[in-house]
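Note sheet for the following structure.
The values are calculated or read from the model by the stated rules, or taken from the named source; none is laboratory data. All values reported here derive from a predicted model rather than from experimental measurement. Don't worry about glycine lacking a Cβ; one is built from the backbone with ideal geometry, like all the others, and counts go over all protein chains shown.
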Amino acid sequence: MKSVFVVDDHAAIREGFRAILERSGRYEVSGEAASVEEALTTLNGCQEPPDFFLIDVSLPGKSGLDLVRELGMRYSSARSIVVSMHRRFDYIAGAFRSGAVAYVAKDSGTDSIIHALDAAQGGAYFLDPASLKLFVDEASAVSSSLYAGRSGVHLLSEREREVLRLFSSGKRPDEIASELDLSQKTVENHLSNITSKVGARDRYELLRIANSYI
């Protein structure tokens with residue numbers, strides 16, 4: 001059986017994942033944690049990394065995407081499946097940009113977890129059906145705003161491009177500020193200026209443009 005490390009801050013949900021995996025007869029939970037910090041501490045004591053990681057996006061402290069990125073740096077073979085209560089384009093794009101191989105909305109049904117693991121085991125990527133439809137619909141809608149965005153990207157300063165690159169990777173303004181040694185207000189000002197220059201209506205559309213050009 002393949003081993004799965006589960007990270008979710010709700011004990012009941014972790015137990016639910018454990019039951020789903022055990023019923024499959026192909027996967028078993030080799031460890032669990034309620035936060036990024038707890039997960040990394042627990043994994044430090046493991047001789048061999050698990051075959052898969054099942055990670056919730058919303059965790060206390062650092063986000064699940066921070067953990068996905070960290071695992072990708074620690075383990076070359078890391079295969080992370082992101083689960084979330086949110087079915088949103090920016091969450092999905094952020095998960096795959098962080099290195100996840102699958103994204104599953106928690107309301108998509110228990111079979112989606114197993115399908116995601118099976119796909120990852122075969123070297124494929126996976127989105128639950130409803131999330132896939134949303135992603136395709138949103139990606140199609142991007143084309144109408146990309147032309148305007150293309151004409152404005154060349155107006156960005158080097159600092160603004162750097163801020164946009166980090167924003168497109170899924171980092172929050174406070175995380176960008178910390179990485180670039182800037183104040184959060186300065187980062188917010190940069191994002192407002194960038195949004196105006198590329199002709200985006202809001203941060204959500206800015207993320208879609210950034211994901212296509214950065």
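Looking at region 73-98, I want the residues that are within 11 Å of Ser168 (Cα to Cα) and have a partner that is of a type outside the set (S, T, N, Q) and in a helix (DSSP H, G or I) with Cβ atoms under 6 Å, at least 6 apart or on another chain. Which pairs are those?
Pairs that qualify, where the first residue is within 11 Å of Ser168 (Cα to Cα) and the partner is of a type outside the set (S, T, N, Q) and in a helix (DSSP H, G or I), are Asp90/Leu207; Gly94/Leu65; Ser98/Leu65; Ser98/Val68; Ser98/Arg69.
Filter region 66-97 down to the residues that are of a type in the set (Gly, Ala, Ser) and touching a strand residue (DSSP E or B) at 6+ places or on another chain (Cβ under 8 Å) and list them by number.
Let us first name the residues in region 66-97 that are of a type in the set (Gly, Ala, Ser), namely 72, 76-78, 80, 84, 93-95.
The answer is Gly72, Ala78, Ser80, Ser84, Ala95.
Here are some conditions: (1) closer than 26 Å to Leu206 by Cα; (2) at pLDDT below 95. Val82 meets all but one. Which one does it not meet?
Here Val82 clears every test but (2).
Could you list all residues from region 48-79 that are buried (at least 22 other Cβ atoms within 10 Å of the Cβ), in a helix (DSSP H, G or I) and among the aliphatic types (A, V, I, L, M)?
Those that are buried (at least 22 other Cβ atoms within 10 Å of the Cβ), in a helix (DSSP H, G or I) and among the aliphatic types (A, V, I, L, M): Leu65, Leu67, Val68, Leu71.
Does at least one position in region 85-104 carry a residue that is polar (S, T, N, Q) and farther than 19 Å from Leu40 by Cα? Break it down into steps so the answer makes sense when it comes.
Going through region 85-104, the residues polar (S, T, N, Q) turn out to be 98.
Now narrow it down to the ones that are farther than 19 Å from Leu40 by Cα: none.
Looking through region 85-104, none of the residues is polar (S, T, N, Q) and farther than 19 Å from Leu40 by Cα.
Could you list, in sequence order, the residues of region 29-52 that are among the acidic types (Asp, Glu) and out of contact with any strand residue (DSSP E or B) (no Cβ under 6 Å at 6 or more places or on another chain)? Break it down into steps so the answer makes sense when it comes.
As a first pass, look at region 29-52 and keep what is among the acidic types (Asp, Glu): 32, 37-38, 48, 51.
Matches in region 29-52: Glu37, Glu38, Glu48.
Keeping to region 96-144, report how many residues are at pLDDT below 80 and aromatic (Phe, Trp, Tyr).
Qualifying residue count for the region: 0.
Can you report the number of residues in region 17-28 which are touching a strand residue (DSSP E or B) at 6+ places or on another chain (Cβ under 6 Å) and either touching a residue at least 40 places away in the same chain (Cβ under 8 Å) or aromatic (Phe, Trp, Tyr) (or both)?
Residues flagged as touching a strand residue (DSSP E or B) at 6+ places or on another chain (Cβ under 6 Å) and either touching a residue at least 40 places away in the same chain (Cβ under 8 Å) or aromatic (Phe, Trp, Tyr) (or both) within region 17-28 amount to 3.
Return yes when Ser30 is in a loop (DSSP other than H, G, I, E, B) and not hydrophobic (A, V, I, L, M, F, W, C) and no when it is not. Please lay out each step first, then the result.
Details: in a loop (DSSP other than H, G, I, E, B): no; not hydrophobic (A, V, I, L, M, F, W, C): yes.
For Ser30, the condition - in a loop (DSSP other than H, G, I, E, B) and not hydrophobic (A, V, I, L, M, F, W, C) - is not met.
With (1) farther than 22 Å from Tyr204 by Cβ; (2) out of contact with any helix residue (DSSP H, G or I) (no Cβ under 6 Å at 6 or more places or on another chain) as the list, and Lys62 as the residue in question, which single condition is left unmet?
Against the list (1) farther than 22 Å from Tyr204 by Cβ; (2) out of contact with any helix residue (DSSP H, G or I) (no Cβ under 6 Å at 6 or more places or on another chain), Lys62 comes up short only on (2).
Would you mention how many residues in region 80-92 are in a loop (DSSP other than H, G, I, E, B) and buried (at least 19 other Cβ atoms within 10 Å of the Cβ)?
Initially, region 80-92 is screened for residues in a loop (DSSP other than H, G, I, E, B), giving 85-88.
Restricting the remaining residues to those that are buried (at least 19 other Cβ atoms within 10 Å of the Cβ) gives 87.
Number satisfying all stated conditions: 1.
Exactly one of these conditions fails for Ser98: (1) among the polar types (S, T, N, Q); (2) out of contact with any Lys or Arg (no Cβ under 6 Å at 6 or more places or on another chain); (3) buried (at least 18 other Cβ atoms within 10 Å of the Cβ). Give me its number.
All conditions pass for Ser98, except number (2).
Just give me the residues in region 35-53 being more than 22 Å from the chain's Cα centre (by Cα) and under 13 Å from Arg74 (Cβ atoms), in sequence order.
First, the residues of region 35-53 that are more than 22 Å from the chain's Cα centre (by Cα): 44-48.
Those that are more than 22 Å from the chain's Cα centre (by Cα) and under 13 Å from Arg74 (Cβ atoms): Asn44, Cys46, Glu48.
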